[in-house]
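First comes the structure, then the notes that go with it.
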Amino acid sequence: MGLNGIVERLDKYQKRVASGRAEKIKPHHIQKAIEKLTAKEVELVAELAGVTKPSKRLRFEEKISMIQKQVERAKWLAQQI
Amino acid sequence: MRRIFKKTLLPVVLAILILGFWLSPDFQQIAAGVAIFLFGMLMLEDGFNQFSGGFLEQLLKRVTGSTFKSLSFGVLSTTIMQSSSLVSIIAISFLSAGLISLAAGVGIIFGANIGTTTGAWLVAGFGLKVKISAYAMPMLALGIVLVFQRSKYLKGIGYVLAGLGFLFLGIHHMKEGFETFKDQFDLTRYAMTGFWGLVVYMLVGAAATVVMQSSHATMVLIITALASGQISYENALALAIGANIGTTITAIIGSMTANYQGKRLALAHLVFNLVTAGAALLLISPIRDAVDWISAGVGIGAEDYALKLAVFHTIFNVLGVALMLPMMKRLIAFLERTIPDAVPDVSQPLYIGAAVGGFPATIELALRKEVAHLHENAIELIVHALNLHRHELFAAKDIEAYVAASRETFDIDVDLAYEQRIKVLYSKILEFMTTSLTGDMSESTVKTLHHLRRSAEEMVRAVKEVKHLRANTSHFTGAEHGEITRLYNRIRTELARMVVEANKMANADPDIRSSLWLEQERTRVKQIKAELGDYVEGLMIAKELTGPEATSFLNDASYGYGAMKGIIDATRFLYSEYQGPMAEIERILAADDDDEHSADAAPS
């Protein structure tokens, strides 16, 4: 999990907030982002249940994994702000 | 045949006009009157378009939200303006500008027919004649001054006022032109009794109203003729029925510049007035008895035919509304069947244009819809260029199997389709964007417009990449060529998967949709590129692929990767948050390059 990118982007965002060029992220904004990601995860998990082809299952699992990773990052972001 | 008719129509119309001008100076007046009238209609529509998306639309939606409300609106506005024709053409303009629904328009027309009866009462009862056309010249002068103002609303009011001024000026010239024909209406000449007498007088009433461009003027003529004993009371009733039919001509002329919705409303007006006239003719005796009964009840003298005519006018219009109201749904279905929706030309913009006006919010919304429209055209072309059908692809459970089974090369000229359906639309979007950016825009709106431009740009790039790919793809997947067929099918499959994801995003609930959903696809393009590079190398080592075959495929594959990236980026740019904290979150959470192969832990 590369932290460099996200930390760098967070740093840039905080500089923009400090200079008044960006709006402040509030916890409910992150909550909303997590809700959107979770909604997709639920949809993908439901679809995966009906997939039998191994290569297709793998693609779905990778996609679900990416979404889960973003949810965890969002939670990490919530702590940082 | 249709094409020949279309080609010859304009020269024929021009020839008829020139011949008419040469033969009759009156014809010149009438034709000029019609032209000025139509110009007024265009201005009126332009004026109402300025209010689209604004308070007028909200207000009209509220006051015409139900049949009763739209009916009342028609009654009230016609009573105030004393012209059902004017209310009808304003309703046509509202409808053409998309400010009201067809049902609301029909309600207003019904109401206008009741409202117009107040005119007969004013004329007959008080000798009062409200002549709104007297305000035509001031309206024109004030309107033109306002048209040159910067404010969108003032400009809109200016167009409406000038439009009304031109409408009245047009009607004035039409009347002037018809002046010589007016003397033909010596009502005693058509003296006839019985049913045919009714029919003939009804037609005379309709013709007189067309000529005089005013049902009020016809009513005055009828009352005068009745008072001087030139015609019988029964003839007068038939003339009043005819006037109601003749008055629809103004709306019919007005609908010539309107869109299909405006034309539907003009037809509704004609249908309503014809049905009402038919019912009144059939029920003439009972209606006459009702007139006598009501007149006696309210103290109108048995010989006071002018007021009795006003009673008749009211009864038969209320009767018409009472007859037509229960059939309103059927009437609307008939109108929609008779005048079908205009099939949109997908190569032309559907949402952007002058009508959007200068509001950042409407510009943004229109552009977003137009870029989505461009996406739709592009996706269709990409899928067809890959020799696939959209509906089959979107329904396929196994995309890989569906692609492998789709071998037939589609008979389409991709270059031509690109020129017609993508390039034209794309350049219109860029033109609109450039024009919009010259106005006063906040930094966030400018940013949003740039995002949308990027979205359009990326999708157009994807189409261009697929264009390059098509020839070899069709050649190698049309028949079995071993490994090379499987390689090209892999590119088609991956592209098809990206298209499916883009389609899922387009159809997702906007409240929960997030561009982060596409992060896996974004990183997957790089993954596919690496996998295929390794695979091709292996095939070359195993001598299953020649050097030229490998080079050719890798060239095409790079077009494929470009197209995949274009589709995903275009979709992300269209559906991502553009501004505010949610946009910041999406930016921060976006996948890193090293996320391609890892799916492990969260940052700690």
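Which value in Å is the Kirkwood Rh of the range B:493-596 over different Cα pairs?
Working: mean 1/r = 0.0653 Å⁻¹.
Computed over Cα pairs of the range B:493-596, the Kirkwood hydrodynamic radius comes out at 15.3 Å.
When the dipole is taken about the Cα centre of the range B:426-569, and only Lys, Arg (+1) and Asp, Glu (-1) are charged at their Cβ, what size is it in debye, to the nearest 20?
That gives the range B:426-569 a dipole magnitude of about 180 debye.
At 1.4 Å probe size, with the rest of the protein present, what percent of the exposed accessible area of chain B is carbon and sulfur atoms? Spell out each step's value before the answer.
Working: 17420 of 27770 Å².
For chain B, the apolar C and S fraction of the accessible surface comes to 63 percent.
Could you state the orientation-averaged shadow area of the convex hull built on the Cα atoms of the protein assembly as shown, in nm² to one decimal?
Values: hull surface 161.0 nm².
Convex hull of Cα atoms, orientation-averaged projection: 40.3 nm².
Given a 1.4 Å probe, how much area per residue of chain B is accessible, in Å²?
Values: 27770 Å² over 604 residues.
Heavy-atom SASA per residue in chain B reads 46 Å².
Before we go on, tell me the buried accessible area for the B/A pair, both chains summed, 1.4 Å probe, in Å² to the nearest 100.
Numbers: alone 29560 and 6280 Å², together 32320 Å².
For chain B against chain A, roughly 3500 Å² becomes buried.
Taking 8 Å as the Cα distance limit and 6 or more residues as the minimum spacing, I'd like the relative contact order of chain B as a percentage. Display every interim value, and only then the final one.
Details: 790 pairs, mean separation 72.1, N = 604.
About 12 percent, as a whole number.
Which whole number gives the average, over all residues in B:504-517, of C-beta atoms from other chains lying within 10 Å of the residue C-beta? Before the final figure, lay out the partial values.
Details: counts 2, 0, 0, 0, 4, 2, 0, 4, 8, 3, 9, 1, 10, 11.
Mean inter-chain Cβ contacts per residue within 10 Å come to 4.
Once R0 is set to 51 Å, what does the formula 1/(1 + (r/R0)^6) return for the Cβ-Cβ distance between A:GLN68 and B:MET327, expressed as a FRET efficiency to the nearest 0.05?
Values: r = 59 Å, r/R0 = 1.15.
The value I calculate is 0.30.
Tally Lys and Arg at +1 and Asp and Glu at -1 over the other residues with C-beta under 11 Å from the C-beta of B:LEU545: what net charge comes out? Before the final figure, lay out the partial values.
Numbers: positive: B:ARG486, B:LYS543; negative: B:GLU483, B:GLU537, B:GLU544, B:GLU549.
So the environment of B:LEU545 carries a net charge of -2.
To the nearest Å, what is the center-to-center distance of the range B:510-579 and the range B:388-453, using C-alpha atoms only?
Their Cα centres are 18 Å away from one another.
For a protection proxy built on the mean count of beta-carbon atoms within 10 angstrom, sort B:466-474, B:200-208 highest first, please.
Those peptides, ordered most packed to least, come out B:200-208, B:466-474.
Would you mind calculating the relative contact order of the range B:362-595 from Cα pairs under 8 angstrom and at least 6 residues apart, reporting the percent as a whole number? Don't jump to the answer; show the numbers that get you there.
Working: 226 pairs, mean separation 69.0, N = 234.
The normalised contact order for the range B:362-595 reaches 29 percent.
R0 = 60 Å: FRET efficiency of B:THR8 with A:ALA18, Cβ-based, nearest 0.05?
Approximately 0.25, to the nearest 0.05.
Using the structure shown, select from A:LYS32/B:LYS504; B:LYS428/B:LYS565; B:LYS397/B:LYS447 the pairs with a Cα to Cα distance greater than 28 angstrom. Mind showing how you got there, number by number?
Values: A:LYS32/B:LYS504 20 Å; B:LYS428/B:LYS565 24 Å; B:LYS397/B:LYS447 39 Å.
The answer is B:LYS397/B:LYS447.
Determine the gain in length on full extension of the stretch B:GLU303-B:ARG454; use 0.36 nm per residue of separation and subtract their C-alpha separation, reporting nm with one decimal. Walk me through the numbers before you get to the answer.
On the way: separation 151, 0.36 × 151 = 54.36 nm, distance 7.86 nm.
Difference between extended and current length: 46.5 nm.
Determine one quarter of the surface area of the Cα convex hull of the range B:362-595, which equals its mean projected area, and express it in nm² to one decimal. Present the calculation step by step, with values, prior to reporting the outcome.
On the way: hull surface 55.1 nm².
That works out to 13.8 nm², a quarter of the Cα hull's surface.
Run lengths n ≥ 4 of DSSP H only: what is the helix-derived mean residue ellipticity at 222 nm for chain B, with -39500 (n - 2.57) per run over all residues, to the nearest 500?
Details: 27 runs with 448 residues, N = 604.
The helix-only estimate for chain B comes to -25000 deg cm²/dmol at 222 nm.
Sticking to Cα atoms, compute the Rg of the range A:25-80 to one decimal and its Dmax as the biggest Cα-Cα distance, whole number, in Å.
Rg then Dmax for the range A:25-80, in Å: 13.3, 42.
In the range B:493-536, whose amide N lies under 15 Å from the spot 7 Å out along Cα-to-Cβ of B:LEU350? List them in ranges.
B:506-507, by backbone N distance to the label point.
Count, for each residue of A:56-68, the Cβ atoms from other chains sitting within 10 Å of its Cβ, then give me the mean as a whole number.
Details: counts 4, 0, 0, 3, 1, 1, 7, 8, 2, 5, 13, 5, 2.
Shielding by partners across A:56-68 averages 4.
Strictly greater than 15 Å: what percent of every Cα pair in the range B:240-322 meets that? The partial results should precede the final answer.
Numbers: 2057 of 3403 pairs.
Considering the range B:240-322, 60 percent of its Cα-Cα pairs are separated by more than 15 Å.
Hey, got the dipole for chain B? About the Cα centre, +1 on K and R Cβ, -1 on D and E Cβ, debye to the nearest 20? Don't skip to the end; give the middle numbers.
Working: 51 positive and 58 negative charges, 417 e Å.
Taking the Cα centre of chain B as origin, the dipole is about 2000 debye.
So, by mean Cβ neighbours within 10 angstrom, what's the order for B:527-540, B:477-490 with the highest one leading? Please list the in-between numbers first.
Working: B:527-540: 15.2, B:477-490: 17.3.
Ranking the peptides B:527-540, B:477-490 by packing returns B:477-490, B:527-540.
From the P(r) of chain B, could you give the percentage of C-alpha pairs in the tail past 31 Å?
That fraction is 63 percent.
Inside 10 Å of the C-beta atoms of A:28-36, what's the mean count of C-beta atoms belonging to other chains? It would help to have the intermediate numbers written out before the result.
Values: counts 1, 7, 5, 0, 6, 9, 1, 3, 12.
Mean number of neighbouring Cβ atoms from other chains: 5.
Taking +1 at the Cβ of each Lys and Arg and -1 at the Cβ of each Asp and Glu, which of B:PRO548, B:MET324, B:THR434 sits farthest along the dipole of chain B towards its positive end, judged by Cα position relative to the Cα centre?
B:MET324
The values are calculated or read from the model by the stated rules, or taken from the named source; none is laboratory data. Every value quoted in this text rests on a predicted model; they were computed, and no experiment measured them. Cβ atoms come from the backbone with ideal geometry, glycine included; neighbour counts cover every protein chain shown. Remember, those area values only see protein heavy atoms, side chains included, never the ligands or the DNA or RNA. Shrake-Rupley method; radii C 1.70, N 1.55, O 1.52, S 1.80 Å.
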